[in-house]
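**Student:** Let me begin by handing over the structure; questions about it come next.
The values are calculated or read from the model by the stated rules, or taken from the named source; none is laboratory data. The model shown is predicted, which means the values in this text are computed figures rather than measured ones. Reconstructed Cβ throughout: ideal geometry from the backbone, glycine too, with neighbour counts over all protein chains shown. Calculation scope for accessible area: heavy atoms of the full protein, side chains included, ligands and nucleic acids excluded. Shrake-Rupley method; radii C 1.70, N 1.55, O 1.52, S 1.80 Å.
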Amino acid sequence: MAEQVADDITADEVASVREQKATLKRQEAEQAPAGVDAPRQSLYADRVKVYPRQVRGTFRRLKWAALGILLAIYYLVPWIRWDRGPGAPDQAVLIDMPARRAYFFFIEIWPQEVYYLTGLLILASIGLFFVTSLAGRVWCGYACPQTVWTDLFMWVERLIEGDRNARMRLDRQPLSAGKVARKAAKHGVWLLIALVTGGAWIMYFKDAPTLVRELATLEASQTVWLFIGLFTATTYLLAGWAREQVCTYMCPWPRFQAAMFDEDTLIVTYQRWRGEPRGKLKKGENDDWSQRGDCIDCKACVAVCPTGIDIRDGQQLECINCALCIDACNDVMARIGRPPNLIAYDTEANQIAAEQGKPKPRYKLLRVRTLFYALLLVGVSAIMLGQLLFRDTLDINVLHERNPLFVTLSNGDIRNGYTVKLLNKTREPRAFVLTFEGIPGATMEVLGQQAGGQRVPLVAEPDSVATYDIQVRAPRSEVTEPSRPVTFTLTDPSRGETVVYDSVFRGPER
């Protein structure tokens with residue numbers, strides 16, 4: 001069995017490790033200018049290409065399941081239909097930029113309600129903090145778009161070029177027709193996936209069937225082609241070329257995610273108390289484990305890591321908690337007859353207790369940190385839900401004319417002009433009554449209509465904003481100050497809904 005495990009570490013993998021060590025040594029060996037003895041540290045580290053090996057196991061199956069579900073959601077959601085009535089888009093999830101609306105099934109968001117987007121971002125942040133405090137960077141390892149598409153691209157690469165050793169051999173081979181064909185096929189499939197990804201993203205901003213038809217007939221606008229090209233390029237570059245460098249250098253999350261951890265956070269850990277002292281397991285060696293640790297230094301955990309780190313060195317910035325190293329190590333432990341989970345999801349508290357020979361403490365799901373995040377999550381969700389359930393279906397906005405602020409009429413009356421906008425958020429026409437209060441004897445006149453008085457009727461078309469120019473006329477004797485508070489009240493008699501807008505009435509100095 002030891003011989004079988006040892007055979008898995010091929011000459012290609014040994015050469016890869018030596019190449020990585022040589023690169024690191026070259027970087028460390030850079031010397032300061034002449035006359036300076038102290039070594040100079042390079043500010044730039046050359047990338048050491050990572051060749052993740054295929055692995056099978058529980059966590060790999062979980063990652064495949066997450067990848068399949070998330071990709072299905074991303075590509076299929078724009079095709080879901082939702083009937084909103086005549087004249088309204090029937091795509092369930094749509095951000096309609098020309099109409100300035102965002103649709104999410106039965107929810108319709110207007111530009112004035114952009115605070116809902118702020119609420120969603122706050123909920124996403126709190127949810128991420130909550131999940132991280134419970135299970136570490138599980139978002140990064142399973143649900144982050146960078147992880148999902150990189151996994152998909154690596155699956156294509158493995159399918160065309162082979163597993164870890166075959167890919168390393170191919171990269172070291174001189175240029176040949178076979179090498180060019182394999183590389184071209186891989187990048188061709190990558191570009192196809194990136195193109196579909198970019199096109200699917202645009203479908204969230206434009207009706208999906210209409211967009212496909214326009215693309216097929218080359219009738220799509222230049223803006224559509226531009227953004228499809230942009231998202232195609234970013235997907236291809238980030239998932240195909242940058243890969244782990246996005247997590248290590250570009251993403252800000254690894255730099256402060258440790259602040260969400262505590263001693264009871266589940267993270268991928270190497271059971272040092274059990275694995276050390278480590279050493280190679282050679283053929284014919286006595287299987288006496290009393291004088292050594294369970295780690296046979298096979299580096300299987302390193303070979304499968306998508307970011308190329310050694311989990312045995314402890315928690316690191318690059319670790320995304322994908323747990324593939326657990327699958328790889330468990331496979332090795334099974335083959336040499338040792339207990340599983342030398343690398344496992346565990347807590348710092350459990351690690352300390354195990355090193356001291358104490359019983360492992362019970363996992364604390366409910367802690368001050370997790371309770372705080374949970375309560376915050378529930379609170380913000382309740383506020384947003386309340387706003388959605390009880391929001392008004394109409395609104396009013398009144399803008400006082402700036403030039404002139406007021407006009408003195410021939411009989412001495414003072415006139416102010418206002419632009420009044422009525423928001424009808426329903427799918428049916430509505431009739432309103434607008435009243436003006438604050439100045440006795442004041443009357444309103446709607447430009448372009450015969451209506452006038454202290455109460456004027458107004459109408460608004462379905463799902464639209466109606467704009468009216470209204471002039472308010474007040475007796476000079478009642479205008480006793482240069483700026484007087486007034487109130488516009490909009491009422492829907494059929495529904496009993498009322499909204500109020502406070503404004504001012506301008507006049508001359510006394």
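**Student:** For segment 272-281, in order, what is each residue's ³J(HN,Hα) by Karplus, 6.51 cos²θ - 1.76 cosθ + 1.60 with θ = phi - 60°, in whole Hz (x at glycine and Pro)?
**Tutor:** Values, residue by residue: 4, 4, 9, x, 9, x, 7, x, 5, 9 Hz.
**Student:** Compute the semi-axes of the equivalent ellipsoid of segment 75-196, taking the square root of 5 times each eigenvalue of the Cα gyration tensor, and list them largest first in whole Å. Mind dumping the intermediate values first?
**Tutor:** Details: eigenvalues 347, 101, 23 Å².
Taking √(5λ) for each Cα gyration eigenvalue gives 42, 22, 11 Å.
**Student:** Between Cys319, Thr491, Trp79, whose Cα lies farthest towards the positive end of the dipole of the chain when Lys and Arg beta carbons carry +1 and Asp and Glu beta carbons carry -1, centred on the Cα centre?
**Tutor:** Of the candidates, Cys319 comes out farthest on the positive side.
**Student:** A follow-up question, please. What do you get for chymotrypsin sites (Phe, Trp or Tyr not before Pro) in segment 307-401 restricted to DSSP loop and a cutoff of at most 16 other Cβ within 10 Å of the site's Cβ?
**Tutor:** Values: sites: Tyr345, Tyr363, Phe372, Tyr373, Phe390; in loops: Tyr363, Phe390.
Counting only loop positions with at most 16 other Cβ atoms within 10 Å, the chymotrypsin sites (Phe, Trp or Tyr not before Pro) in segment 307-401 are Tyr363, Phe390.
**Student:** Where does segment 149-259 land on Rg/Rh, using Cα atoms and the Kirkwood Rh? Could the numbers behind the result be given before it?
**Tutor:** Numbers: Rg = 17.5 Å, Rh = 16.2 Å.
That ratio equals 1.08.
**Student:** If the only charges are +1 at each Lys and Arg Cβ and -1 at each Asp and Glu Cβ, what is the size of the charge dipole of segment 333-420 around the Cα centre, to the nearest 20 debye?
**Tutor:** Values: 11 positive and 7 negative charges, 182 e Å.
Using only the charged Cβ atoms, the result is roughly 880 debye.
**Student:** Another question about this same structure. Using 27 Å as the Cα-Cα cut-off, could you pick out the over-long pairs in Lys280/Lys364; Lys49/Lys179; Lys206/Lys425; Lys183/Lys283; Lys49/Lys299; Lys186/Lys206?
**Tutor:** Details: Lys280/Lys364 37 Å; Lys49/Lys179 18 Å; Lys206/Lys425 21 Å; Lys183/Lys283 39 Å; Lys49/Lys299 17 Å; Lys186/Lys206 30 Å.
The answer is Lys280/Lys364; Lys183/Lys283; Lys186/Lys206.
**Student:** Right, another one. Taking N as the number of residues in segment 193-319, what is its Cα Rg relative to 2.2 N^0.38 Å? List each step's numbers first, then the result.
**Tutor:** Values: Rg = 23.9 Å, N = 127, 2.2 N^0.38 = 13.9 Å.
Relative to the rule-of-thumb radius for its length, segment 193-319 sits at 1.72.
**Student:** So for Asp310, Asp502, what's the accessible-area order with a 1.4 Å probe, most first?
**Tutor:** Values: Asp310 30, Asp502 115 Å².
The ranking, largest first, comes out as Asp502, Asp310.
**Student:** Measure nothing fancy, just the Cα-based angle from helix 115-135's long axis to the longest principal axis of the chain, in degrees from 0 to 90, nearest 10.
**Tutor:** 20 degrees
**Student:** A further question on this structure: Can you tell me the Rg and Dmax of segment 278-364, counting just the alpha carbons, in angstroms?
**Tutor:** Cα radius of gyration and Dmax of segment 278-364 are 14.1, 44 Å respectively.
**Student:** Here is a further query. Can you pull out the GluC sites (Glu not before Pro) in segment 472-510 that DSSP calls coil and that have at most 12 other Cβ atoms within 10 Å?
**Tutor:** Values: sites: Glu478, Glu497, Glu509; in loops: Glu509.
Loop-located and lightly packed - Glu509.
**Student:** Return, in residue-number order, each cysteine of the chain whose C-beta is not under 4.7 Å from any other cysteine's C-beta.
**Tutor:** Unpaired cysteines in the chain: Cys140, Cys144, Cys247, Cys251, Cys295, Cys298, Cys305, Cys319, Cys322, Cys329.
**Student:** For Cys329, tell me the accessible area in Å² from a 1.4 Å probe, rounded to the nearest 10.
**Tutor:** Its heavy atoms expose roughly 10 Å² to the probe.
**Student:** Let me ask something additional. List the residues, sorted by chain then number, that are 5 or more residues from Leu458 or on another chain and whose placed amide H is less than 5 Å from its amide H.
**Tutor:** Phe432, Val433, Leu434
**Student:** Further question on the same structure: With angles folded into 0 to 90 degrees, how steeply does helix 58-76 sit against the dominant principal axis of the chain? Use alpha carbons for both and round to 10.
**Tutor:** Helix 58-76 sits at roughly 30 degrees to that axis.
**Student:** Output wanted: per-residue J couplings in Hz (rounded whole) for segment 435-447, from phi through Karplus 6.51 cos²θ - 1.76 cosθ + 1.60, θ = phi - 60°, x for Gly and Pro.
**Tutor:** 10, 10, 9, x, 9, x, x, 6, 10, 10, 9, 8, 4
**Student:** Which of the chymotrypsin sites (Phe, Trp or Tyr not before Pro) found in segment 471-510 are in a DSSP loop and have at most 12 neighbouring Cβ atoms, other than their own, within 10 Å?
**Tutor:** Details: sites: Phe488, Tyr501, Phe505; in loops: none.
Of the chymotrypsin sites (Phe, Trp or Tyr not before Pro), not one in the loops of segment 471-510 has a Cβ with at most 12 other Cβ atoms within 10 Å.
**Student:** While we're looking at this one, here's another question. Tell me, what ³J(HN,Hα) does each residue in segment 229-237 have, in order and in whole Hz, if you take phi through Karplus 6.51 cos²θ - 1.76 cosθ + 1.60 with θ = phi - 60° and put x for Gly and Pro?
**Tutor:** Result, rounded to whole Hz: x, 4, 6, 5, 5, 5, 5, 4, 6.
**Student:** Which whole-number percent of Cα pairs in segment 347-391 have a distance greater than 17 Å?
**Tutor:** Roughly 56 percent, once rounded to a whole number.
**Student:** Here's something else I'd like to know. Would you kindly calculate the mean projected area, averaged across all directions, of the convex hull enclosing the Cα atoms of segment 414-509, in square nanometres? Mind dumping the intermediate values first?
**Tutor:** Details: hull surface 23.7 nm².
Its Cα hull, projected and averaged over all orientations, spans 5.9 nm².
**Student:** Something else now. Could you pull out every residue, at least 5 positions away or on a different chain, whose amide H is within less than 5 Å of the one on Leu266? Hs are placed 1.01 Å off N in the peptide plane, and Pro or chain starts have none.
**Tutor:** Result for Leu266 returns Ala135, Gly136.
**Student:** Next question. For segment 233-280, what class follows from the C-alpha gyration tensor (a ≥ b ≥ c being the square roots of its eigenvalues): rounded when a/c is under 1.5, otherwise prolate if a/b is larger than b/c, else oblate? Walk me through the numbers before you get to the answer.
**Tutor:** On the way: a/c = 4.05, a/b = 1.65, b/c = 2.46.
Oblate, because a/c is 1.5 or more while a/b does not exceed b/c.
**Student:** Divide the volume of the convex hull of the Cα atoms of the chain by its number of residues and quote the answer in cubic angstrom per residue.
**Tutor:** Values: hull volume 141.2 nm³, N = 510.
It comes to 277 Å³ per residue, whole-number rounded.
**Student:** May I pose another question? Where the only charges are on Cβ atoms (+1 Lys, Arg; -1 Asp, Glu), what is the dipole of segment 75-187 about its Cα centre, to the nearest 20 debye?
**Tutor:** On the way: 14 positive and 10 negative charges, 159 e Å.
For this selection, approximately 760 debye.
**Student:** If you don't mind, there's one more thing I want to ask. Hey, can you grab everything whose amide H is under 5 Å from the amide H of Phe505? Only 5+ residues off in sequence or another chain; H modelled, so Pro and N-termini drop out.
**Tutor:** Arg484, Val486
**Student:** State in Å² the accessible area per residue of segment 283-355; use a 1.4 Å probe, count heavy atoms of protein chains only, and round to the nearest integer.
**Tutor:** On the way: 2900 Å² over 73 residues.
The answer is 40 Å² per residue.
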